[in-house]
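Structure first, then comments.
Rule-based calculations on the coordinates, nothing more; no lab input. In this text, all values refer to a predicted model and were calculated from it rather than measured experimentally. All Cβ positions, even for glycine, are placed from backbone atoms using ideal geometry, and neighbour counts span all protein chains on display.
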Amino acid sequence: MLGYARAPELSAAIDKANAGIGLDLKKRYDNNPSNLVRRSDHWPFLQRGVPALGFGLGLHPDYHTVYDRPEKINYIKMEKIARLIHQASWDLANATTRPKTTAR
């Protein structure tokens with residue numbers, strides 16, 4: 001999961017929704033040397049104070065190379081991530097408050 005350090009309230013909503021799904025959410029890539037979060041599609045939102053998170057199936061040696069093929073996708077995990085995003089979105093849509101970002 002990317003963006004958690006700048007969107008802790010949104011990250012907490014994901015953690016709550018994950019209680020019923022059971023994914024092992026890895027929160028270790030926001031400040032890594034390759035700047036994954038700054039290269040992500042949701043980075044412009046975070047820069048402008050809009051809470052945003054990114055999800056992926058994990059990195060592997062063929063990531064973003066010509067050898068990154070569909071058979072390397074973990075479809076069971078992808079389905080769980082989709083369920084997690086759906087549940088968290090539902091919970092957030094029905095909440096009385098909206099998550100904020102941290103200033104950096």
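Karplus-based coupling profile of region 40-56, in residue order and whole Hz: 7, 5, 8, 4, x, 5, 4, 4, 9, x, 9, x, 7, 10, x, 10, x, with θ = phi - 60° in 6.51 cos²θ - 1.76 cosθ + 1.60 and x standing for Gly or Pro.
Listing THR101, THR96 from fewest to most neighbouring C-beta atoms within 10 Å gives THR96, THR101.
Beyond 16 Å, what share of the Cα-Cα pairs of the chain remains, rounded to the nearest whole percent? The calculated P(r) of the chain puts 61 percent of pairs beyond 16 Å. Based on DSSP H segments of at least four residues, each scored -39500 (n - 2.57), the chain has a per-residue ellipticity at 222 nm of -10500 deg cm²/dmol. Cβ crowding within 10 Å, taken as a proxy for footprinting-reagent exposure, orders TYR4, TYR75 from fewest neighbours to most as TYR75, TYR4.
Between ILE85, ILE76, ILE21, the residue with the greatest mean-square fluctuation in the GNM of the chain (Cα pairs under 10 Å linked by springs) is ILE76.
For region 16-92, the set of trypsin sites (Lys or Arg not before Pro) satisfying both a DSSP loop assignment and a count of at most 16 other C-beta atoms within 10 Å is given as LYS26, LYS27, ARG28, ARG48. Excluding same-chain neighbours fewer than eight residues apart, the lysines reachable from LYS77 by a Cα-Cα span under 22 Å are LYS16, LYS26, LYS27. Here LYS80 is the anchor, and the aspartates and glutamates within straight C-alpha reach of less than 19 Å, apart from those fewer than 8 places off in the same chain, are ASP15, ASP24, GLU71, ASP91. Over all directions, the projected convex hull of the C-alpha atoms in region 29-87 averages 5.1 nm² in area.
The angle between the Cα long axis of helix 75-93 and the main principal axis of the chain comes to about 10°, on a 0 to 90 degree scale.
Compute the distribution of all C-alpha to C-alpha distances in region 1-55, in bins of 5 Å from 0, and list the percent of pairs in each, rounded to whole numbers. So the P(r) values, bin by bin, are 4, 21, 31, 23, 14, 6, 1.
With a/c under 1.5 counting as rounded, go ahead and sort region 55-104 into rounded, prolate or oblate using the C-alpha gyration tensor (a ≥ b ≥ c being the square roots of the eigenvalues; past the cut-off, prolate if a/b is larger than b/c, else oblate).
oblate
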